[in-house]
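Novice: Take this structure first; my questions come after.
The values are calculated or read from the model by the stated rules, or taken from the named source; none is laboratory data. Computed from a predicted model, the values in this text were never measured in an experiment. Note: accessible area is taken over every heavy atom of the protein model, side chains too, but ligands, DNA and RNA are not part of it. Shrake-Rupley method; radii C 1.70, N 1.55, O 1.52, S 1.80 Å.
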Amino acid sequence: MKRFFFALLVTAFLLNIFGVFALADSENLALGREVTVESHIANGKSYAEMDRFTSKILTDGKYGRADFGDPAWAKFYRATGRILKIDLGENCTVDKIVTRFLQNSQAGVVAPKKIEVFVSQDGNNFARVENLSGNESPFLPSRTNNTEIAKYEMTFKPTAARYVALSFDVTVNTFVDELEIYGSRGSSLTPPTD
């Protein structure tokens with residue numbers, strides 16, 4: 001009986017180390033937070049909704065419909081990538097990012113082929129914690145002329161972060177409606193280094 005409990009305890013410990021368990025008190029830490037957009041071109045080169053957007057359009061909890069005219073979509077174009085950054089306001093433990101992109105090839109709206117997630121304690125020095133790329137990703141839509149919503153869900157080992165950045169490519173036009181960052185407030189974890 002002692003061996004059984006010892007084996008169970010060791011298994012639970014190992015699963016926890018490798019980040020298999022999600023945080024029990026996980027919440028969307030980004031909800032209502034301001035988002036900054038970075039690019040090597042002026043944000044004025046994005047569509048009007050992004051130019052004039054309240055900096056909370058990507059964290060307001062409103063999801064876009066499968067319609068590129070829906071105002072819930074933040075719209076980026078000019079075939080250059082963007083970086084979305086969020087200050088969580090305090091040190092947190094994060095373990096999951098969820099975001100959605102619109103795909104309508106016929107209208108030139110294309111979901112990203114590459115997404116990277118970075119975390120930081122100071123807002124300047126970021127370490128990559130997740131990377132999705134290539135057509136083999138299960139989160140990419142089918143690339144047909146149908147209008148589809150691509151949901152990207154990236155789960156990773158619980159990580160200390162105050163700032164989170166999401167980097168994605170923009171092929172022609174890229175529309176995103178929400179950026180959700182899941183985890184818990186406060187963190188005793190050591191921040192990652194890249």
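Novice: Based on alpha-carbon centroids, what's the gap between region 55-124 and region 145-192 in Å, whole number please?
Specialist: Region 55-124 and region 145-192 have Cα centres separated by 7 Å.
Novice: With a 1.4 Å probe and all protein chains kept in place, how much accessible area does R78 have, in Å² rounded to the nearest 10?
Specialist: Answer for R78: close to 120 Å² accessible.
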